[in-house]
There are 2 protein chains.
Amino acid sequence: MSEQRVTIGEAARLTGVSAKMIRWYEETGLLAPAARLESGYRTYGEADIHTLRFVRRARDLGFSVEAIADLLALWRDRGRPSAGVKAIALEQIAVLRQRITELEGMARTLEHLAATCCGDARPDCPILDDLAADEPPPPPVPRRRRGLGRGVPRA
Amino acid sequence: MSEQRVTIGEAARLTGVSAKMIRWYEETGLLAPAARLESGYRTYGEADIHTLRFVRRARDLGFSVEAIADLLALWRDRGRPSAGVKAIALEQIAVLRQRITELEGMARTLEHLAATCCGDARPDCPILDDLAADEPPPPPVPRRRRGLGRGVPRA
DNA sequence: CCTTGACCTTCCCATCATGGGAAGGGCCAC
DNA sequence: GTGGCCCTTCCCATGATGGGAAGGTCAAGG
């Protein structure tokens, strides 16, 4: 009853991580190099599938690949203190909350503008008027140093 | 009293759009090519500054460059119906709300997990247990097809 | 007149996670 | 043996942004 091993496509189906991404995770060191058949095909066993599901789940929670690497290391380290894990999670929560606050501000501003725009055939439009308002840049000093997911998904 | 013209660096300071971005917007067609001095330096007049501020403001509201191009066109088209503008704004609001909902879901899940994790020196950790839970992929079918700002800002 | 320093030019590269697609080979069932 | 998937690697694109190199301009001060 040697372990059942599957190809990368099957592993992708079983875990929800695309084959492309599995290769990329391997290439960038998030995952150890997969075992290969003589043909060169990668093969994955149950432990690998388990790991891939862990990765997908973490991605679904918005963790960066870098953070996932940390989480994986902690996961494999039985006996680690849970404090480290919690710290990573709290950091991620902070990032998410921050981002939500930014987006919420944008949405509220736009909702306000849209509410005052009749949106008919007439040319006057408070939305454009607002965008065109001749204000100098806000704080010329730091200007959101988010350097993160810096915009917003495109419209 | 010929119009006062400024260099790209000064325009950047006046508008909050970096010189790099101003060049990039020109290169990609969002902005018309700037006038040049004999030296090859770009120069910007008041109308250009106004336009750049419009662009910055729209970026601050999360509009994609593509959407900004549409807004700019409408802005310059006196006599356009305001309906088009409103439609773009509503679309953007929908995108923002969608994104907020996604992030909110992630944040709530993580907050729940973090709340049940003692975060001390002991090794048992509900967060890792959850990530490691052996669930198959959610809907293998569509898997978030956002194709937009696809992850979340990195942790 | 010449240097210095601040500014400009273009060009290339990196980010982050992801997908698309080409070119070539493997594997299996008919 | 052949057709149809699957695998391999490699390159390119995305979106908006920054970093930095190599070289030209310009104005002020010696």
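The values are calculated or read from the model by the stated rules, or taken from the named source; none is laboratory data. Quick caveat: nothing in here was measured; it's all calculated off a predicted structure. Cβ atoms come from the backbone with ideal geometry, glycine included; neighbour counts cover every protein chain shown.
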Worksheet item: So A:ILE68 clears everything in (1) farther than 30 Å from A:LEU31 by Cα; (2) at pLDDT 95 or above except one condition, right? Which one?
Response: (1)
Practice prompt. Name the single residue, out of those in the stretch B:99-115 being surrounded by 14 or more Cβ atoms within 10 Å (Cβ to Cβ) and more than 7 Å from chain A (Cβ to nearest Cβ), that is farthest from B:ASP60 (Cα to Cα).
Written response: B:GLY105
Worksheet item: All but one of (1) within 29 Å of B:LEU96 (Cβ to Cβ); (2) part of a helix (DSSP H, G or I) hold for A:ASP48; which doesn't?
Response: (1)
Item to complete: Report, by residue number, each residue of the stretch A:1-14 that is within 14 Å of chain B (Cβ to nearest Cβ) and within 9 Å of DNA strand D (Cβ to nearest atom).
Response: A:VAL6, A:GLY9, A:GLU10, A:ALA11, A:ALA12, A:ARG13
Worksheet entry | Residue selected from the stretch A:1-21 under the condition under 16 Å from B:PRO136 (Cα atoms) and of a type in the set (A, V, I, L, M), by the criterion surrounded by the fewest Cβ atoms within 10 Å (Cβ to Cβ) | A:ALA19
Worksheet item: If you take the residues in the stretch B:15-30 that are among the hydroxyl-bearing types (Ser, Thr, Tyr) and either near DNA strand C (Cβ under 9 Å from one of its atoms) or assigned to a loop (DSSP other than H, G, I, E, B) (or both), which one is farthest from the other protein chains (Cβ to nearest Cβ)?
Response: B:THR28
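For the stretch B:31-45, give me each residue that is of a type in the set (Gly, Ala, Ser) and either on the phi < 0 side of the Ramachandran plot or assigned to a strand (DSSP E or B) (or both). Before the answer, list the steps.
Filtering the stretch B:31-45 for residues of a type in the set (Gly, Ala, Ser) gives B:32, B:34-35, B:39-40, B:45.
Within the stretch B:31-45, B:ALA32, B:ALA34, B:ALA35, B:SER39, B:GLY45 meet the criteria.
Every residue, every condition in (1) within 24 Å of B:ILE100 (Cα to Cα); (2) at pLDDT 95 or above, yes or no:
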{"position": "A:GLU3", "(1), (2)": "no, no"}
{"position": "A:THR15", "(1), (2)": "no, yes"}
{"position": "A:ALA35", "(1), (2)": "no, yes"}
{"position": "A:ARG56", "(1), (2)": "yes, yes"}
{"position": "A:ARG76", "(1), (2)": "no, no"}
{"position": "A:GLY84", "(1), (2)": "no, no"}
Worksheet item: Do the conditions hold for B:ILE49, that is, is it farther than 21 Å from A:PRO126 by Cβ and at pLDDT 95 or above?
Response: yes
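Inside the stretch A:115-134, can you point out the residues that are under 13 Å from B:LEU90 (Cα atoms) and in contact with a Cys (Cβ under 7 Å, 6 or more places away or on another chain)? Working first, answer last.
If we filter the stretch A:115-134 for residues that are under 13 Å from B:LEU90 (Cα atoms), which is where we start, we get A:115-119, A:127.
Once the filter is applied, which keeps residues that are under 13 Å from B:LEU90 (Cα atoms) and in contact with a Cys (Cβ under 7 Å, 6 or more places away or on another chain), the stretch A:115-134 yields A:CYS117, A:ILE127.
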Worksheet item: Would you say A:ALA73 is within 14 Å of chain B (Cβ to nearest Cβ), in contact with a Lys or Arg (Cβ under 9 Å, 6 or more places away or on another chain), without any contact (Cβ under 8 Å) to a residue 60 or more places away in the chain and more than 10 Å from DNA strand C (Cβ to nearest atom)?
Response: yes
Discussion item. Against the condition charged (D, E, K, R), touching a residue at least 24 places away in the same chain (Cβ under 8 Å) and either touching a Pro at 6+ places or on another chain (Cβ under 6 Å) or in a helix (DSSP H, G or I) (or both), how does A:ARG53 come out, does it pass?
Written reply: yes
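Taking the stated definitions as given, is B:LEU72 outside any helix (DSSP H, G or I) and under 24 Å from A:PRO138 (Cβ atoms)? Working first, answer last.
On the way: outside any helix (DSSP H, G or I): no; under 24 Å from A:PRO138 (Cβ atoms): yes.
No; evaluated as a whole, the condition is false for this residue.
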Response to the item:
Scanning the stretch A:31-52 residue by residue, the ones that are within 9 Å of DNA strand C (Cβ to nearest atom) and surrounded by 10 or more Cβ atoms within 10 Å (Cβ to Cβ) total 2
Worksheet item: Which residues, taken from the stretch B:76-97, are in a helix (DSSP H, G or I) and either more than 7 Å from chain A (Cβ to nearest Cβ) or aliphatic (A, V, I, L, M) (or both)?
Response: B:ARG76, B:ALA83, B:GLY84, B:VAL85, B:ALA87, B:ILE88, B:ALA89, B:LEU90, B:ILE93, B:ALA94, B:VAL95, B:LEU96
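Going by the conditions given, is A:GLY45 under 19 Å from B:ALA133 (Cα atoms), within 8 Å of chain B (Cβ to nearest Cβ) and small (Gly, Ala, Ser)?
Values: under 19 Å from B:ALA133 (Cα atoms): yes; within 8 Å of chain B (Cβ to nearest Cβ): no; small (Gly, Ala, Ser): yes.
Criteria not met by A:GLY45.
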